[in-house]
Amino acid sequence: MRQGDLYAVTRGSPKAIGVIDGYFDGQPAVLHKEILWALTRGIAVFGASSMGALRAAELHSFGMRGVGRIFEAYRDGELTDDDEVALIHGPPEAGYIRLSEPMVNIRATLEKAVAQGIIDMPTAARLAASSKARFYQHRTWPDVLADVGDPRTAEKLAAWLRTGRVDRKREDGLELLKEMDAFVRGGATPAPPDFHFEWTESWHNAPWRRETAWICGEVTAEEDAILDELRLRGEYRQVRRDALLRLLVRGDKDAAADRDAIRRAMGEFRSRRGLMRQTDVIDWVRENGTDLAGLERKIGDDAAVETLARDRDSELHQGMLDRLRELDLYTGYRKNALARQRPSPSSSAPMPRALLAAWYFETQLGRPVPRDIADYAISIGLPGVDKFYDLLAHEYTFTAGRNASDDSGLTDENGLT
């Protein structure tokens, strides 16, 4: 893991992230701020073994979860130097083959050798000191054996090392995986962070933040130019707010959309655009720079938003009115609502529901009549289809009366036409 990698992982909103190894020599190491960012996103971050143990010891008071004996040693001050866990390895094509031995493994192995009577304590202390004095890239077991001095002891230790050596970093890494698995399977959620994440200029301008977005397939150079168009037209903030709603529902268990909800959302999407054939859908996704998987993801988000909105409809009413006030639309809607409350002359005979629906959707809204009007009624916060048709009948009577007033040259006292 290098700088920017952990931030990239957070973009997928995982439940937990585990940090084990990481680059530090020649490549920037994972930032503390990346981990703090993940914690503020409600993501549990575990650390162990190497870079993970270092960062966990430094950030455990902020909520990062340290695992294993190496973490504990750093946390408690028994270890302080970064080189204790450092090693040199081969390239990716060679499977990152290990070319040196971490100091923590050497210490753990020497302690075990003493416990099993292979070497005495003074010898172990001397070998640990000579290994520590070497540059981390030059720490190997042949070098350790060369420092033993006594040939018989060296031969005995060499034979024992074939099966007796300790890989403390691996042990702690496996323990981390077990704890993460238990955390995810148990459905646990991290406690809210008790710190404020400071959005600094260096964080905002970090080049890997934008590079990460592109690598993750979120924004191409062309799409970034489209976002600039939104900025120039003053529409960026509103579209971002809509996108935020989609992002938030992905992590809300109450918003999980079932097959029927997804089917309705797809039907609504296709009906509004006249995409009757599958070839029409394929043409649409191509023209809009996405693919069928991207469309399905969008429809899934739409269905999740609609599911949550229906479930919490009554809780949203005051927020909806506040939004109208924010957009300076409240007074206009209020005037229209008050005008509709006045008694209207009744029509001679009620209009058939099919004609009412055609009048409303095709004439007033300029869209096709939905296939499932009962579901549409529920989608706009009504208890059922009867209430919806009552609303349409009243609206038709009001509109007819208003049109008659307009034809006679009269207007109502609110000036509504």
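Of all the numbered requirements in (1) open to solvent by 10 Å² or more (accessible area, probe 1.4 Å); (2) in a helix (DSSP H, G or I); (3) among the β-branched types (Val, Ile, Thr), residue 118 misses one, and that requirement is (2). Whenever a residue of the stretch 294-319 is among the aromatic types (Phe, Trp, Tyr), it has no partner that is open to solvent by 40 Å² or more (accessible area, probe 1.4 Å) and not in a helix (DSSP H, G or I) lying with C-beta atoms less than 9 angstrom away and at least six residues away or across chains. Of all the numbered requirements in (1) surrounded by 23 or more Cβ atoms within 10 Å (Cβ to Cβ); (2) touching a strand residue (DSSP E or B) at 6+ places or on another chain (Cβ under 9 Å); (3) within 30 Å of residue 145 (Cβ to Cβ), residue 104 misses one, and that requirement is (2). Pairs meeting the criteria (first residue in the stretch 375-392 and within 14 Å of residue 352 (Cα to Cα), second residue outside any helix (DSSP H, G or I), beta carbons under 6 Å, at least 6 apart or on different chains) are 388/382.
Return a yes/no flag: does the stretch 198-210 have any residue that is part of a loop (DSSP other than H, G, I, E, B) and at pLDDT below 75.
Our first condition is that a residue be part of a loop (DSSP other than H, G, I, E, B); within the stretch 198-210, this holds for 198-200, 206.
Next cut, at pLDDT below 75 only: none.
Checked the stretch 198-210: no residue is part of a loop (DSSP other than H, G, I, E, B) and at pLDDT below 75.
Taking the listed residues 291, 254, 283, 258, the one that is touching a Leu at 6+ places or on another chain (Cβ under 9 Å) and at pLDDT below 85 is 254, with no other qualifying. When 294, 274, 300, 289 are checked against the criterion of being under 24 Å from the mean Cα position of the chain (by Cα) and on the phi > 0 side of the Ramachandran plot, 289 stands alone in meeting it.
In the stretch 5-49, which residues are part of a loop (DSSP other than H, G, I, E, B), open to solvent by 30 Å² or more (accessible area, probe 1.4 Å) and under 20 Å from residue 185 (Cα atoms)? Even if it seems obvious, please write down each step before you answer.
Quick first cut of the stretch 5-49, residues part of a loop (DSSP other than H, G, I, E, B) only: 11-15, 20-31, 41-43, 49.
Those still in the list that are open to solvent by 30 Å² or more (accessible area, probe 1.4 Å) too: 11-15, 20-21, 23-28, 31, 41-42.
Within the stretch 5-49, 12, 13, 14, 15, 41, 42 qualify.
Yes/no per residue for (1) within 20 Å of residue 13 (Cβ to Cβ); (2) without any contact (Cβ under 8 Å) to a residue 24 or more places away in the chain; (3) open to solvent by less than 70 Å² (accessible area, probe 1.4 Å); (4) small (Gly, Ala, Ser):
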{"position": "238", "(1), (2), (3), (4)": "no, yes, no, no"}
{"position": "241", "(1), (2), (3), (4)": "yes, yes, no, no"}
{"position": "252", "(1), (2), (3), (4)": "yes, no, yes, no"}
{"position": "259", "(1), (2), (3), (4)": "no, yes, no, no"}
{"position": "263", "(1), (2), (3), (4)": "no, yes, no, no"}
{"position": "269", "(1), (2), (3), (4)": "no, no, yes, no"}
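Inside the stretch 73-101, can you point out the residues that are open to solvent by 30 Å² or more (accessible area, probe 1.4 Å), touching a residue at least 24 places away in the same chain (Cβ under 8 Å) and within 34 Å of the chain's Cα centre (by Cα)? Reasoning before the result, please.
The initial filter retains those residues of the stretch 73-101 that are open to solvent by 30 Å² or more (accessible area, probe 1.4 Å), namely 75-78, 80-83, 87-89, 91-99.
Now drop any that are not touching a residue at least 24 places away in the same chain (Cβ under 8 Å), which leaves 82-83, 87-88, 99.
Answer for the stretch 73-101, where residues must be open to solvent by 30 Å² or more (accessible area, probe 1.4 Å), touching a residue at least 24 places away in the same chain (Cβ under 8 Å) and within 34 Å of the chain's Cα centre (by Cα): 82, 83, 87, 88.
Checked against the criteria, residue 310 does not count as at pLDDT below 80 and in a helix (DSSP H, G or I). Each residue in the stretch 150-190 was checked for being charged (D, E, K, R), farther than 20 Å from residue 73 by Cα and surrounded by 15 or more Cβ atoms within 10 Å (Cβ to Cβ), and 1 pass.
Each row is one residue, and each column tells you yes or no for (1) within 24 Å of residue 54 (Cβ to Cβ); (2) at pLDDT below 95; (3) aromatic (Phe, Trp, Tyr); (4) part of a loop (DSSP other than H, G, I, E, B).
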residue: 149; (1), (2), (3), (4): no, yes, no, yes
residue: 155; (1), (2), (3), (4): no, yes, no, no
residue: 161; (1), (2), (3), (4): no, yes, no, no
residue: 176; (1), (2), (3), (4): yes, no, no, no
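For the stretch 137-146, state whether one or more residues are in contact (Cβ under 8 Å) with a residue 60 or more places away in the chain, closer than 18 Å to residue 50 by Cβ and either open to solvent by less than 60 Å² (accessible area, probe 1.4 Å) or outside any helix (DSSP H, G or I) (or both).
No, the stretch 137-146 has no match at all.
The set of residues in the stretch 191-210 that are open to solvent by 100 Å² or more (accessible area, probe 1.4 Å) and under 21 Å from residue 19 (Cα atoms) contains only 192.
I'd like to know if the stretch 50-58 contains one or more residues that are over 21 Å from the mean Cα position of the chain (by Cα), in a loop (DSSP other than H, G, I, E, B) and without any contact (Cβ under 8 Å) to a residue 12 or more places away in the chain. Checked against the condition, which is being over 21 Å from the mean Cα position of the chain (by Cα), in a loop (DSSP other than H, G, I, E, B) and without any contact (Cβ under 8 Å) to a residue 12 or more places away in the chain, the stretch 50-58 yields no hits at all.
The values are calculated or read from the model by the stated rules, or taken from the named source; none is laboratory data. These figures come from a predicted structure and were not determined experimentally. Note that we place each Cβ from the backbone using ideal geometry, even for glycine, and neighbour counts take in every protein chain shown. Note: accessible area is taken over every heavy atom of the protein model, side chains too, but ligands, DNA and RNA are not part of it. Shrake-Rupley method; radii C 1.70, N 1.55, O 1.52, S 1.80 Å.
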